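Working notes, structure below.
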There are 4 protein chains.
Amino acid sequence: MTNHLIAHLGHVELLTPRLAETTWFFTDLLSMYVVKKDDRSVYLKCWGEFRTPFSLKLSQSTAPGLGHVAWRAESAEDLEKIASMLQSSDSAAHWSENSEYGRGKAFEFSSPEGHRNEIFWNITEEETPPQLKSKIRARPLKMPNGLMAVRRLDHCTLFSSDVKAVREFYQSIGFKYNEGVISSAQRIESGAFLAVTGQSHDLGILRDITGAKGRLNHVAFYSNNVGSWIEGCDVFLENGISIEMGPMRHGITDSLGLYIIEPGGNRIEIFHGSYVNYTPIGDWTPIITDVDSESGRFGTAWGLGFLAETWLTYGTPIVEVSEETKRSIRKSREAYTHFAYEFK
Amino acid sequence: MTNHLIAHLGHVELLTPRLAETTWFFTDLLSMYVVKKDDRSVYLKCWGEFRTPFSLKLSQSTAPGLGHVAWRAESAEDLEKIASMLQSSDSAAHWSENSEYGRGKAFEFSSPEGHRNEIFWNITEEETPPQLKSKIRARPLKMPNGLMAVRRLDHCTLFSSDVKAVREFYQSIGFKYNEGVISSAQRIESGAFLAVTGQSHDLGILRDITGAKGRLNHVAFYSNNVGSWIEGCDVFLENGISIEMGPMRHGITDSLGLYIIEPGGNRIEIFHGSYVNYTPIGDWTPIITDVDSESGRFGTAWGLGFLAETWLTYGTPIVEVSEETKRSIRKSREAYTHFAYEFK
Amino acid sequence: MTNHLIAHLGHVELLTPRLAETTWFFTDLLSMYVVKKDDRSVYLKCWGEFRTPFSLKLSQSTAPGLGHVAWRAESAEDLEKIASMLQSSDSAAHWSENSEYGRGKAFEFSSPEGHRNEIFWNITEEETPPQLKSKIRARPLKMPNGLMAVRRLDHCTLFSSDVKAVREFYQSIGFKYNEGVISSAQRIESGAFLAVTGQSHDLGILRDITGAKGRLNHVAFYSNNVGSWIEGCDVFLENGISIEMGPMRHGITDSLGLYIIEPGGNRIEIFHGSYVNYTPIGDWTPIITDVDSESGRFGTAWGLGFLAETWLTYGTPIVEVSEETKRSIRKSREAYTHFAYEFK
Amino acid sequence: MTNHLIAHLGHVELLTPRLAETTWFFTDLLSMYVVKKDDRSVYLKCWGEFRTPFSLKLSQSTAPGLGHVAWRAESAEDLEKIASMLQSSDSAAHWSENSEYGRGKAFEFSSPEGHRNEIFWNITEEETPPQLKSKIRARPLKMPNGLMAVRRLDHCTLFSSDVKAVREFYQSIGFKYNEGVISSAQRIESGAFLAVTGQSHDLGILRDITGAKGRLNHVAFYSNNVGSWIEGCDVFLENGISIEMGPMRHGITDSLGLYIIEPGGNRIEIFHGSYVNYTPIGDWTPIITDVDSESGRFGTAWGLGFLAETWLTYGTPIVEVSEETKRSIRKSREAYTHFAYEFK
């Protein structure tokens, strides 16, 4: 078994009903560079991304949501190998008929509940214009002077009505299952964190308690500097972007998280910290947190008492959240309301 | 009018029913140095405090709470001047009969609702033992190797059933009124932030909605480094100390706050950021936030949706909080529950 | 004796032969706001400055240098008091005949070797335009999204051919002498750090070993965040601004320093850390470092082996540095070249 | 071609003539945990290391230096594969006859100039004692309360008299060649940075201009937090450990570096930042800096004018550095002495 058919997350396409405002968010607040525009889409790149023509594609749409997630194969052979594996198990998977900016031929497939994915090998990068060249040769682009300038696309976290099925699908194409969250009482999985690199996760999967299928929870970008990560919260504040959750420590993945909703409606994470785990896939036992036997603070180690209710229900596309669902979340928390008194 | 009778906050005495555990908290987690112990008390100092024999006195008691707050006069003459001002207005104010470690004669007085204070001029510092000497001559003590090592005592925040009365009292002895929080609808003051230095506040006063008098909300210590301030949250986590509120940005005072309850039960803030305001007292108009006309995020600019309920009710000594009080806090918040959707 | 005649450093005027480029440096790299322009000058302000119409004035000139340093009096009475003190000792000191943007009547005087100063009381601030208003009421202006956005003017450091004379002059008008550097062997003072606030220094004085009089060493701005302070070095790098010295720890003043030369030729410090010292002036004994008996690292506690040679000789206006002067600096350092081996 | 035979750097053995003092350095300053001691050696581990019994072995010796570097294979099969590759090319390479604490069978080999290496697959971790368990399940050990607590072993940098030969050797067993430094005029390589993970380098190779073979330049540990990385310099200062070079930005590898000599004499780097580069090995063209055509600041982008002379000559074991070598370094720098004036 190997996790090396896929090298890394290549790019993510986000759909937005407000393309101009969404573009403003990524360029003016996160200091990403626009590398190309066409009729329907804007392509952006962070300053610290190697060998990729772009990492974020924003496309005008009627509603927010995930367009697709794109992965880079480890080699031309690995692309063929993964394509043939997928074709044998999924009749809908197919070589793409679209030519996408910056990449060669690509194979398209979907997760078991319809999240669109593609994988490719060949890429074409355009020459960096002089004004974007860094003074540091090992830096793909000039570092912008922005407090919240993000260094690179980090990971994508899907909402799923069936975490187990989606997790097993990605494991079948070589993802390493680093961490999981289960409820032994309810016999369900509520979260899974998988990687193709040494990161804690390149792909997150969270249970969508609304029951909707194929939604997006968030796309995460890496903040390079814990000082900027924390003081940069003020960048969102000063520019009218509400912070939904964080700054906080997630116990699971041991990461620093901060979530905002971009003007188009998609949730974006500004991510920092977390671990690297280079343990070979053949020697790795996933770290599993059972929410029914856990006394600790697995979701929110600090930063707030609980995961925000909206973080558990809001995704894109947006769906109605039933009162019953909201009540059940609130009910599950009543026991915790006096956390300040734990010292007694 | 002058704010220069008092030079700075000298020390705070905290009462604790668990002296050993409280001392552990300040030495092992906040990396303060014990400079003296006697039968009932432990005296501690931070590494960055100039000309003070200690800044925190911990005294064994049956319950947590504030012993007293001690201020250093600007000069010997100013001590006499303030004493004579206070004696003429308050028959209970008097020259102290106690000799306290490290200071000369002191004048004792109380706030309008009984918070004990003293003011002194002369101090005696003992020679720094060799192992505590810093390699930097301008550093009072060796900087400890602790992620949450605090540099100095920053401020003390009182709970008060009558913020206006307590505020006006401190203004009468020269404090500058930097910021205030009022409710024009309820015709009450709910917060006041006063300074004798260029800090945003050396003294905070918060409305105690339980109606109790003379309680302590918190004592704050300054964290020297925003990176340690944020990653240091894990120091509390790893050592079983629950973070009650934060990390967060307070809109009022523009500060970074983080609150924990030390094992004796007193609330401690790890404080960073905030402004300096050197505007002369004669040209300063307090910044007043009216909670009834304010649409912004004055208490919690980011970090969580609201000030934690316990932060508004829990103080030391501990009093019972009525269900009605809790309900009224929760009621006032219902309008805010969907803050994640502000972007719409 | 009191240090309270003067409240704080009000603004600094810098002369520049390249006004456009110098303005670019302060607006595009340090994220300061231009609040006014006239024929010859540009007036700028940082986001965190209270009650001041501006803090930096840039004026077109044939050569770089200090225009003047402006101080705010503690009160109208204190302005008169200081004016009358100065008039009695210096026949050239006089009430200003110039009306400066934003301030009322001012008294002009010079240091013993000609650095121009003024002091004023009345100020006029213009209404903040809506797009510069902060979401935080206690924040004077909107915090910019810049990694190197400076919060406020911090201090001004003069070069002087006679440190003692200049130091004693400022002490005579109420400055507190926090720290000094002397050579007992040479019987000279080589540095003095004085304050009117709780800062380590609002005014620095460094010996100008070229023998020139009345020059400027640097003007310092406060960086709000140690993470930005260090990663922000890359902002200078990416924009072709050479870092002359730092990032480093100064032993004296216990501060984090970083020096760049702005395009007009003046040295600017990005300053962070340092101590606050609220000790009353009547109880303060200056911390004196004697370079002849000191084994420690007083200038550069870490960051580099020595103070950069240029930092000791380059000032504005620029003067020729003799080969003998350069040789004498290099000679004094020969003993230190193997500092890496101290552990032996 | 694949870089996946080796999963990651497993541990490094350092030789020290002062085992107690070296152990103090790693435990008291870097907050590493001692996991085992035997007659001659101490085994240590950082708080953030997954699936490794230890990452640093300190062994008593007559002189400082590198014991060996140990790599973990990607799988049992990959261990056999690499062993058979090496046996066919190097008659001295062999299966180890030593049983090392915590690992199963291992294959020993040397670099072309004698740096000792081993590679293994099986490991045995002991149960974590309760007092070292973290409250965060995904954290291998409790995070210590240390400003300079390092999260994990990062990389090892060898000195080599023939960089090209050593680089090609490691490439032959699957290392990816991320960056190199050459002199086209002298027709030599002076540096190479290679990785088996997504890091900028797991292995560095630097030209040893003394001509010695098989020495160590440094071992690097990762600091988790840029705030601690910079303020933690004071931990070394306060404890009498001289900082040889840094804090600085290396242009090559785009990393933040800080070098100290531990009491046994070996150079240790506290490392932060740098890039991750997930580009597949089959699509990667090394970034080559030619020192003869480069006008930029490749070694030291900021932090000091040049790489410290000792950093280029001092390694372990220690050898005599000829006066000619020192002169040639100084000569090469004369052109740079006025870097502060670049703005002109």
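For chain D, the membrane-span-like helix rule (DSSP H, alpha carbon extent of at least 15 Å along the helix axis, mean Kyte-Doolittle at least -0.5) picks out D:76-89; this says nothing about an actual membrane. Rolling a 1.4 Å probe over the heavy atoms of the protein chains gives chain D an accessible area of 34 Å² per residue. Comment: the Cα-to-Cβ extended label point of residue D:80, at 7 Å, lies 2.7, 9.5, 9.9 nm from its counterparts in the other copies, nearest first.
With an a/c value under 1.5 for the gyration tensor axes a ≥ b ≥ c computed over the alpha-carbon atoms, the range C:205-344 is described as rounded.
Can you tell me the FRET efficiency between residue B:172 and residue B:62 if r is taken as the Cβ-Cβ distance and R0 is 25 Å, rounded to the nearest 0.05? Taking R0 as 25 Å, the efficiency between residue B:172 and residue B:62 is 0.15.
Close amide-amide hydrogen proximity is noted between residue C:154 and C:220, C:221, C:222, each under 5 Å apart and 5 or more residues distant or on a separate chain (H modeled in the peptide plane; Pro and chain starts excluded).
Per-residue shielding of A:68-75, expressed as the average number of other chain Cβ atoms within 10 Å of the residue Cβ, stands at 3. Counting only heavy atoms of the protein chains and using a 1.4 Å probe, residue B:162 has close to 70 Å² of accessible surface. Note on exposure: B:173, B:318 ranked by accessible area (1.4 Å probe, complete protein assembly) read B:318, B:173, with the most exposed listed first. Label-point spacing for residue A:39 across the identical copies (point 7 Å from Cα in the Cβ direction), in nm and ascending order: 5.7, 8.1, 9.1. Using a probe of 1.4 Å on the protein chains alone, the accessible area found for residue C:40 is around 110 Å². Taking the 1.4 Å solvent-accessible surface of the range C:161-237 as the whole, the part contributed by carbon and sulfur is 47%. The listed residues A:35, C:321, once ranked by accessible area (1.4 Å probe) with the largest placed first, stand as A:35, C:321.
Counting only other chain Cβ atoms within 10 Å of each residue's Cβ, the peptide D:303-315 averages 3.
Here the range B:47-87 has 52 percent of its accessible surface on carbon and sulfur atoms, given a 1.4 Å probe and all protein chains in place. The residues packed around residue A:6, meaning those with a beta-carbon under 9 Å from its beta-carbon, carry a net charge of -2 if Lys and Arg are +1 and Asp and Glu are -1. Just the number, please: percent antiparallel of the DSSP beta bridges in the protein assembly as shown, rounded to the nearest 5. Antiparallel: roughly 70 percent of the beta bridges in the protein assembly as shown. Beta bridges per DSSP, both residues in chain C: antiparallel share near 70 percent. Mean residue ellipticity at 222 nm, helices only, the protein assembly as shown: -4500 deg cm²/dmol; runs of at least 4 DSSP H residues each add -39,500 (n - 2.57), and the sum is divided by the number of residues. Distances between copies of residue D:328, taken at a point 7 Å out from Cα along the Cα→Cβ vector and listed shortest first: 3.7, 7.4, 8.3 nm.
Here the simple spin-label model places points 7 Å from the Cα toward Cβ, and for residue D:326 and residue C:80 these points are separated by 6.8 nm. Based on the alpha-carbon gyration tensor of the range D:258-308 and its eigenvalue square roots a ≥ b ≥ c, which shape applies: rounded if a/c is under 1.5, prolate if not and a/b is larger than b/c, or oblate? It is oblate, given that a/c is not under 1.5 and a/b is not larger than b/c. Across peptide D:51-62, the mean count of Cβ atoms from other chains lying within 10 Å of each residue's own Cβ comes to 1. When peptides D:7-13, B:178-184 are sorted by average Cβ neighbour count within 10 Å, with the highest value leading, the order is D:7-13, B:178-184. Residue B:116 label point, 7 Å along Cα→Cβ, cut-off 15 Å on backbone N: hits in the range B:70-90? Only B:70-71 pass the distance filter. Computed about its Cα centre, the charge dipole of chain D is approximately 540 debye, with only Lys, Arg, Asp and Glu carrying charge at their Cβ. Given the pairs B:81/B:105; A:176/D:176; A:326/C:142; B:45/B:133; C:176/C:326; A:36/A:105, which are separated by over 25 angstrom at their Cα positions? As for pairs spanning more than 25 Å Cα to Cα, those are A:326/C:142; C:176/C:326. For residue B:20 and residue A:187, a Förster radius of 45 Å and the Cβ-Cβ distance give a FRET efficiency of 0.45, rounded to the nearest 0.05. Chain D versus the axis that turns it onto chain B: the residue with the nearest Cβ and the distance in whole Å amount to D:227, 1. When the accessible areas of C alone and B alone are added and the area of the pair subtracted, with a 1.4 Å probe, the result is around 3600 Å², both sides summed. For the range A:111-141, accessible area lost to neighbouring protein chains reaches 30 Å² or more, against the chain alone with a 1.4 Å probe, at A:121, A:135, A:136, A:137, A:138, A:139. If you take every DSSP beta bridge whose two residues both sit in the range C:119-270, what share of them, in percent to the nearest 5, is antiparallel? About 75 percent, rounded to the nearest 5.
The values are calculated or read from the model by the stated rules, or taken from the named source; none is laboratory data. What you see is a predicted model; the values in this text were computed from it and never measured. Glycine gets a Cβ as well: all are built from the backbone with ideal geometry, and neighbour counts include every protein chain shown. Side chains included, ligands, DNA and RNA excluded: accessible areas come from the protein's heavy atoms. Shrake-Rupley method; radii C 1.70, N 1.55, O 1.52, S 1.80 Å.
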